[in-house]
Amino acid sequence: MAEVAPDRHAHRGTIYVEDARVLSQESHPGRQYVLRLQAPLCASRATAGCFAHVAVDPAIPMRRPLSIMRADAQEGWIEILYKVMGEGLSHLASRKAGDVVNLLGPIGQGFTPHAEKPLALLIGGGVGIPPMVYLAEVLRDRAVEGFRPFVIMGSEIPFPFRARPSRILVPGMPDGVIASMPLLEDWGVPSRLTSKSSFAGCHDGFVTDLARSWLAQLEPAALAQVEIFSCGPTPMLRAVAALASQFGVACQVSLEEFMACAVGGCAGCVVEVHTSKGPAMKRVCVDGPVFDAYSVFRSKT
């Protein structure tokens, strides 16, 4: 039977244009903000790993692609964590409860957890933290299927939350590495933090250091049930893919690329991906942003 060609326009009809009302906006150290928007259309189809293309100000034509950190389809809201970099996001940071923000979303192909690999290692760095929070919540809600997520987060600026000592034991962690994200802790999802900025309770090093320590203590049978999910800067993702290859585990990565239209029209965010038919150029916005790590970093692992 001939292979069926993928539908290039499968994303059409699933991306909404929406005037979202600001419910709240919290500021955190490092010019980081958590924005909650009443966006029922976007929330109804959002998945862990997708993003919204947000209009930051009526006078600025270019939107900003921002990862969705949480979404509640029943209550119709989404949350976005972002760091102010440049004039556009400075405008977005000035929005207050009751203001209206136009957005396109949800956009992109999210993470795909597999029940046969329930030991999920989630690794987020910097602006790659939000999708990991979203995925952790999804896997928590699917605990009946056996999913047991462990989250590692890294940041060189203060984390957008007040870290607290974890009460959840995680095998393989170095002594003194006890800082966790309170939200995940409350969900019963273990987490550990890394930084080279000497934050209390954090590992002084890279996210891959903790990931390697955790993977190394697993027995072969448990290792066969591991899948890694990661989002962050490209050098970090390349290192995560190499680590996954070293331990022979599955790995999905969410790529970060500059985007103009963010809906697949301009092809400004294409990356080379290895497929069964050879190299192909894929659009990070709608073909991704999540890809199999080995298809992206095959020649570099």
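Under the rule of -39500 (n - 2.57) per DSSP H run of 4 or more residues, summed and divided by the residues of the chain, what mean residue ellipticity at 222 nm is obtained, to the nearest 500 deg cm²/dmol? Rounded to the nearest 500, it is -6000 deg cm²/dmol. For a paramagnetic label modelled on Glu87 (point 7 Å from Cα along Cα→Cβ), amide N atoms under 19 Å away belong, within the range 62-77, to 62-65. Ordering Ser245, Ser197 by the number of other Cβ atoms within 10 Å of each residue's own Cβ, fewest first, gives Ser197, Ser245. One entry in (i) 120; (ii) 143; (iii) 132 is volume of the Cα convex hull per residue in Å³ calculated from the shown coordinates; its label is (ii). Once the Cβ-Cβ distance of Phe247 and Ala280 is raised to the sixth power relative to R0 = 35 Å, the FRET efficiency obtained is 0.80.
Residues Tyr134, Tyr82, Tyr33 in ascending order of nearby Cβ atoms (within 10 Å, fewest first): Tyr33, Tyr82, Tyr134. For a test of understanding, tell me how many lysine pairs in the chain have Cα atoms under 22 Å apart, given they are 8 or more places apart or on different chains. Pairs that pass both the separation and distance tests number 4. Here the residues Thr47, Thr275, Thr208, Thr14, ranked from fewest to most Cβ neighbours within 10 Å of their Cβ, fall in the order Thr275, Thr14, Thr47, Thr208.
Coordinate-derived values only; no laboratory data. Predicted, not measured: the structure shown is a model, and the values here were computed from it. Cβ sites come from the backbone with ideal geometry, for glycine too, and all protein chains shown count toward neighbours.
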